[in-house]
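What follows is calculated from the coordinates using simple rules that are stated; it is not laboratory data. Remember, predicted model here, so these are calculated numbers, not experimental data. Glycine gets a Cβ as well: all are built from the backbone with ideal geometry, and neighbour counts include every protein chain shown.
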Amino acid sequence: MIEAFARTTDGIVSLAEFRRLLDSGRRLTVKFGADVTAPFLHLGHAVNLWMMREMQERGHHVVFLVGDFTTLVGDPSGLAAARAARRAGEIAEDAAAFLRQAGRILVTDDPALFSVRRNSEWWAGKPLAEFLAMLAEVTASRLMSRDMFRARLEAGGEVRAHELVYPVLQGRDSVELGADLTIVGSDQLFNESMGRHFQEKAGQKPQVIVTTRITPGLDGRRKQSKSLGNFVGLEDGPRDAFGKVMSLPDGLVVQWLEVYTTVPPGRVREIERALAGGGCNPMDAKRELARAVTARLHGEASAAAEESWFLDTFRGRGFPEDAPVASLASGGRKALDLVAELEPGSSRNALRRLLMEGAVELDGRRLGSADEAIVLPPGFSGKLRVGRRRFFRIVVAGVSGGAGVSGGAGVSGGAGGLAEGPGGPTGWGC
């Protein structure tokens, strides 16, 4: 178990205690606590879930603790300002989506291996006198020692009282669950250490804390986040997953191979040496990464199909057969208006930039200006590419009307990372 955890573990508090837990032979309670701040999970969350699945495979019990009460307070972790609180109705809806996505990795249909709790069960009706007694068990200086609070104060910001209380709430959850083990990102170490503190005060053995590695997202800077759009989601389809990974900065390929795949360590080191020595085209290394990630999320058959699609489309310069079909009205319009009809969810400023960069092609001809006049006569059919990964087959009717798009979807994802290297479309090149 420890060997299986090693490649994704940042630290363990403590390793000796973890060994004793595993040697005890009893079924362990693994705390999976999550505030519901957004109804989606990404690869960063999957690291913890994969490790919990390893525990389930050995007969241990995962308790999914929905932080419906603590979400109302707002976890300050990693924030330069206080997090906005959410409404109870939003939390309930998002918790259901959260649980559905976790079920893509965890065993959730066996009560011996999985259960769901909500911390409103004990917090919503907690008498004030009991809560104040609990606060007396921890000092203000200990709460203020948190590095993010110190940094915020040094920058002239504020720390609000409810933020100081948050680690107390999360820590006490471990007492209520009788947690033996919790697996969290390293940014949650302070909060879960409070769990150990309160468990000892309550006469329980303190939980072991396994913190996992946090990697930069697709933008190469900050950790994966929905608001930043730099993530691979657990509910992304195989094409989106493959395409997004292919947009990853070259310098993160090895780190992502280590954290998000089961590629053997020896193979990872081989790729690392080849990249450092110039003997490997980064595109080929990234393609191996994309296939490994997609296979882990969607299976080997889907990963192989998406790799083939990617090669045919981008390296073979082909046009995808399953590109969506857009039925448009005949007549004239500006290039920007044409693209906006097909991409209603994109901002016009973003589409204008693509046109200015020459990233929009109609039947192989670049549309270089947002104001360029495009005339679509009745009966016209053509192929439109928008950016690197969006493709449409245009069919024009003989009467005026709105646009409609049907059929399969192209690859979506962040920009960048698709420049061709010296390697060809066959072989890994690493």
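Taking amide H positions as placed 1.01 Å from N in the peptide plane, with prolines and chain starts having none, which residues 5 or more places from L376, or on another chain, fall under 5 Å of its amide H?
HN-HN under 5 Å from L376: G331, G332, R333.
Just how many % of Cα pairs in the chain lie over 27 Å apart, if you round to the nearest whole percent? Before the final figure, lay out the partial values.
Working: 55398 of 92235 pairs.
Counting every Cα pair in the chain, those more than 27 Å apart make up 60 percent.
In the Gaussian network model of the chain, springs joining C-alpha atoms below 10 Å, which of D109, D180, D284 carries the largest mean-square fluctuation?
Highest fluctuation of the listed residues: D109.
Hey, can you grab everything whose amide H is under 5 Å from the amide H of E235? Only 5+ residues off in sequence or another chain; H modelled, so Pro and N-termini drop out.
L41
Just order 22-34, 46-58 by mean Cβ neighbour count inside 10 Å, highest at the front, would you?
With the highest mean Cβ count within 10 Å placed first, the list reads 46-58, 22-34.
Looking at region 250-338 from every direction and averaging, what is the projected area of its Cα convex hull in nm²?
8.7 nm²
Which value in deg cm²/dmol, rounded to the nearest 500, describes the helix-derived mean residue ellipticity at 222 nm for the chain, given -39,500 (n - 2.57) per DSSP H run of n ≥ 4 and division by the residue count? Don't skip to the end; give the middle numbers.
Details: 18 runs with 179 residues, N = 430.
It lands at -12000 deg cm²/dmol.
Can you work out the Karplus-derived ³J(HN,Hα) for every residue in region 363-375? Use 6.51 cos²θ - 1.76 cosθ + 1.60 with θ = phi - 60°, whole Hz, and x for glycine or proline.
Couplings: 6, x, 9, 6, 9, x, 9, 5, 9, 4, 7, 10, 10 Hz.
Skipping prolines and chain starts, which residues have an amide H placed within reach, meaning under 5 Å, of the one on V62, given they are 5 or more residues away or on another chain?
V30, F114, S115
Kindly flag which residue pairs out of K334/K383; K126/K226; K31/K205; K286/K383; K126/K201 have an alpha-carbon separation exceeding 23 Å in this structure.
Numbers: K334/K383 17 Å; K126/K226 34 Å; K31/K205 14 Å; K286/K383 28 Å; K126/K201 18 Å.
Those over the limit are K126/K226; K286/K383.
Please identify which residues in region 229-245 have an amide N closer than 18 Å to a label point set 7 Å out from the Cα of R267, following the Cα→Cβ vector.
242, 245
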